[in-house]
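Asker: Encoded as structure tokens, here's the structure I'll be asking about.
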Amino acid sequence: MPAPQGCGKSTGMTTAGGNDMTTNPQDEKTAQKFMGGNALELVAYQAGAVVSREIVKKKTATVTLFAFDKAQGLSEHTAPFDALVQVLDGVAEITIGGVPHRLGKDEMILMPANVPHALKAVERFKMMLVMIREATG
């Protein structure tokens, strides 16, 4: 499956550099029919950008792949749900509650709900984000 080139609609999130983060316009279709593949090949690096591709979208969880160019990041924000990050390639600095954590390939970290966090590419890196929503009803 070819990797997206990062052109697409804005997510509404901005990178630490103030740029819009882009998503692949085919994410909705991809998330509905994704059956597997090499995670590193499903999202492509783009110079000076953060690229994302949602591959699973359910009521209780989403799985999104990201590619961050060197020195790119996401500024501090909070999310209403726990989120598990696994670095797939490169090196990231993930700050959670004011405490920086340096993660490399194959390392994971949990970002708890409602705790401020930020991400920065020490080197360009790819990650998988699993957003865990609580079931209601």
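Any read-out appearing in this document is the output of simple, stated calculations on the displayed coordinates, not a laboratory observation. What you see is a predicted model, and the numbers here were worked out from it, not measured in a lab. Heads up, the Cβs are rebuilt from the backbone with ideal geometry, glycines too, and the neighbour counts pull from every protein chain shown.
Asker: Quick one: 3J(HN,Hα) in Hz for segment 82-92, Karplus 6.51/-1.76/1.60 with θ = phi - 60°, rounded, Gly and Pro as x.
Answerer: These are the phi-based 3J(HN,Hα) values: 4, 9, 9, 10, 10, 7, 9, 6, x, 9, 10 Hz.
Asker: Mind putting a number on the dipole of segment 37-116 about its Cα centre? Charges go on the C-beta only, +1 for Lys and Arg and -1 for Asp and Glu, and I need it in Debye to the nearest 20.
Answerer: 240 debye
Asker: Then there is this: For the pairs K59/K105; K33/K59; K57/K126; K33/K120, note any where the Cα-Cα span goes beyond 22 Å.
Answerer: Listed pairs above 22 Å: K59/K105; K33/K120.
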